[in-house]
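The values are calculated or read from the model by the stated rules, or taken from the named source; none is laboratory data. Given the structure is predicted, the values throughout are model-derived calculations rather than measurements. Glycine gets a Cβ as well: all are built from the backbone with ideal geometry, and neighbour counts include every protein chain shown.
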Ligand code: CDP
């Protein structure tokens, strides 16, 4: 059991989970877990090794041997800086394919739980509130319209110097959402007791403030 407060922020592709989580964590001085990065790292390794993404045993072996290093906002895999490489949408798509495997999810479980360190954790993903941190003191399900999510993702990728086509992106986002919501292992659904936050018409700061307000209601 955790003794530290965990705030779980789950939601679909490009709903703003990452930016909201780091904003909330910064205000509270908490650690952050970007659980999607672990699925992306597994997918990236699998793509590099030309592994079959549908081969559960093979992908599980890759997930188990993953030794990512998170340092100063960067992510290293075998000393290679993969921070930007794992953000490509093809890695996101591959991540959603390998994320359907139950054994892959189980092998990333402990790695994720280990992020719950004092003084607290903000964890973002798809199943933070439902599976990985069911004891989270605050569970938020962050949504936004498909249009605003596609626009946000284009902007994000552009900032990283990755060019993308809006039509392709909308298609990929839809494909990923559908797979994430319909898989049998830890599908994307609001966790029991999750508060739904639609950020379509909110700025990033307003969204962060809402999460902080809810947290303060729980920990005045
Ligand atoms: O940032 P974005 O919403 O594009 O995705 P992400 O959070 O980086 O996650 C990439 C993929 O990993 C998702 O589409 C999910 O299929 C999978 N994932 C998951 O299954 N469970 C999590 N807790 C986090 C991500």
Please indicate, with yes or no, whether at least one residue in the stretch 2-10 is more than 21 Å from residue 135 (Cα to Cα) and out of contact with any strand residue (DSSP E or B) (no Cβ under 7 Å at 6 or more places or on another chain).
-> no
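Does residue 137 satisfy the condition of being touching a residue at least 40 places away in the same chain (Cβ under 8 Å), surrounded by fewer than 17 Cβ atoms within 10 Å (Cβ to Cβ) and in contact with a strand residue (DSSP E or B) (Cβ under 6 Å, 6 or more places away or on another chain)? Step through it out loud before you land on a result.
Working: touching a residue at least 40 places away in the same chain (Cβ under 8 Å): yes; surrounded by fewer than 17 Cβ atoms within 10 Å (Cβ to Cβ): yes; in contact with a strand residue (DSSP E or B) (Cβ under 6 Å, 6 or more places away or on another chain): yes.
Yes; evaluated as a whole, the condition is true for this residue.
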If you check residue 174 against the conditions, is it more than 10 Å from the ligand (Cβ to nearest atom), part of a helix (DSSP H, G or I), out of contact with any helix residue (DSSP H, G or I) (no Cβ under 8 Å at 6 or more places or on another chain) and more than 29 Å from residue 3 (Cα to Cα)?
-> no
Subset tally (residues that are exposed (fewer than 14 other Cβ atoms within 10 Å of the Cβ) and more than 27 Å from residue 102 (Cα to Cα)) for the stretch 166-200 | 4
Per the filter on the stretch 134-159, residues at pLDDT 95 or above and touching a helix residue (DSSP H, G or I) at 6+ places or on another chain (Cβ under 8 Å) are 136, 137, 138, 139, 140, 141, 142
Taking the stretch 65-90 and the residues there that are out of contact with any strand residue (DSSP E or B) (no Cβ under 9 Å at 6 or more places or on another chain), free of Cβ contacts under 8 Å to residues at least 24 places away in the same chain and under 26 Å from residue 25 (Cα atoms), the one that is surrounded by the fewest Cβ atoms within 10 Å (Cβ to Cβ) would be 72
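Listed residues 145, 163, 107; which is surrounded by fewer than 16 Cβ atoms within 10 Å (Cβ to Cβ) and in contact (Cβ under 8 Å) with a residue 12 or more places away in the chain?
The unique qualifying residue is 145.
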Just for helices (runs of 4 or more DSSP H) wholly inside the stretch 1-116: which have at least 3 residues that are more than 14 Å from the ligand (Cβ to nearest atom) and more than 25 Å from residue 156 (Cα to Cα)?
-> 56-64
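Kindly indicate which of 211, 132, 122 is surrounded by 20 or more Cβ atoms within 10 Å (Cβ to Cβ), within 12 Å of the ligand (Cβ to nearest atom) and in contact (Cβ under 8 Å) with a residue 24 or more places away in the chain.
Values: 211 fails: within 12 Å of the ligand (Cβ to nearest atom); 122 fails: within 12 Å of the ligand (Cβ to nearest atom).
Among 211, 132, 122, only 132 is surrounded by 20 or more Cβ atoms within 10 Å (Cβ to Cβ), within 12 Å of the ligand (Cβ to nearest atom) and in contact (Cβ under 8 Å) with a residue 24 or more places away in the chain.
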Checking 41, 93, 47 in turn, the sole residue that is in contact (Cβ under 8 Å) with a residue 24 or more places away in the chain and touching a strand residue (DSSP E or B) at 6+ places or on another chain (Cβ under 9 Å) turns out to be 41
